[in-house]
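Reading through the structure tokens given below for one structure.
The values are calculated or read from the model by the stated rules, or taken from the named source; none is laboratory data. This structure is a prediction, so every number in the text was calculated from the model and none was measured. Neighbour counts run over all protein chains shown; Cβ positions are idealised from the backbone, glycine included.
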Amino acid sequence: MKKKWLTIVPAVALTFTPLYFQQVEASNDHPASQTEQSNSEVPEKLEPILDIAPEHQPTLKVDSVGLEVELVQVKLNHFGFETDVDGIFGSKTEQQVMNFQKEHELMIDGIVGEEAWTTLLAEERQDMFTVDYAIFLAEEELNNDDLIFSSNGELYVDKEGRTFYNLKASSKSMIEDGGTGTVGFYNVYSDGEVILSEPMSK
């Protein structure tokens, strides 16, 4: 992940609307992977696939084979569309993918692309993306030991359907000098993207 140094902006220069944030302290042992809180119904060997964003998952269709196919089959069964979990994308799996797509008002083509992956994995990815993990991502991306992060705990969804937390960044040194310490707000997405933003209310 590319490292960036953050230029500290004096708190008096900020004109953000006041907002109450609940302080969240990340543990010293930051989560190395989101799969630590994955859904127990997914076999352990398939959990690493859950770390991959839907847009980076392979496109699956008839004759595809592998662990990704097996995960799709596990999720289809979870949603009530019964199919064999054998890692082989056959005609039965294709039909159940089409049934799943129809049920969720997706394009009905029997192909598991980004749209289908997003819907299939929505529950796991939301459960795994915690405030602590968002703080970890922000610390990794901004790489500034003077900053501490807090959140109101609300998980937001943007117009593209991506989930993110809105974190407040505060300067420890400014707080020690008697100031509010607030230097900015950031939207942190589950894929590690960190964007300068404004405070958001619940």
Test: residue in the range 54-64 that is at pLDDT below 95 and basic (K, R): no
Condition met for G153 (modelled with pLDDT of 90 or more and at positive phi): no
Every residue from the range 171-202 that is surrounded by fewer than 18 Cβ atoms within 10 Å (Cβ to Cβ) and among the hydrophobic types (A, V, I, L, M, F, W, C): M174, I175, I195, L196, M200
Selection from the range 125-178 of residues that are assigned to a loop (DSSP other than H, G, I, E, B) and among the β-branched types (V, I, T): T130
Hits in the range 162-202 (condition: in contact with a Ser or Thr (Cβ under 7 Å, 6 or more places away or on another chain), without any contact (Cβ under 8 Å) to a residue 60 or more places away in the chain and among the small types (G, A, S)): S170
The range 43-59, subset of a type in the set (V, I, T) and over 13 Å from the mean Cα position of the chain (by Cα), residue farthest from L71 (Cα to Cα): T59
Scope the range 75-97; condition surrounded by fewer than 17 Cβ atoms within 10 Å (Cβ to Cβ) and assigned to a helix (DSSP H, G or I); matching residues: N77, H78, S91, K92, Q95
Selection within the range 157-170 - surrounded by 13 or more Cβ atoms within 10 Å (Cβ to Cβ), of a type outside the set (A, V, I, L, M, F, W, C) and under 20 Å from E124 (Cβ atoms): R162, T163, Y165
M128 vs. criteria among the hydrophobic types (A, V, I, L, M, F, W, C), buried (at least 17 other Cβ atoms within 10 Å of the Cβ) and at pLDDT 90 or above: no
Yes/no for L121 being out of contact with any Asp or Glu (no Cβ under 8 Å at 6 or more places or on another chain), of a type outside the set (D, E, K, R) and either closer than 16 Å to E193 by Cβ or in the same structural domain as D63 (by TED's automatic domain parsing) (or both): yes
From the options Y189, Y156, residue that is within 10 Å of the chain's Cα centre (by Cα) and within 26 Å of H56 (Cβ to Cβ): Y189
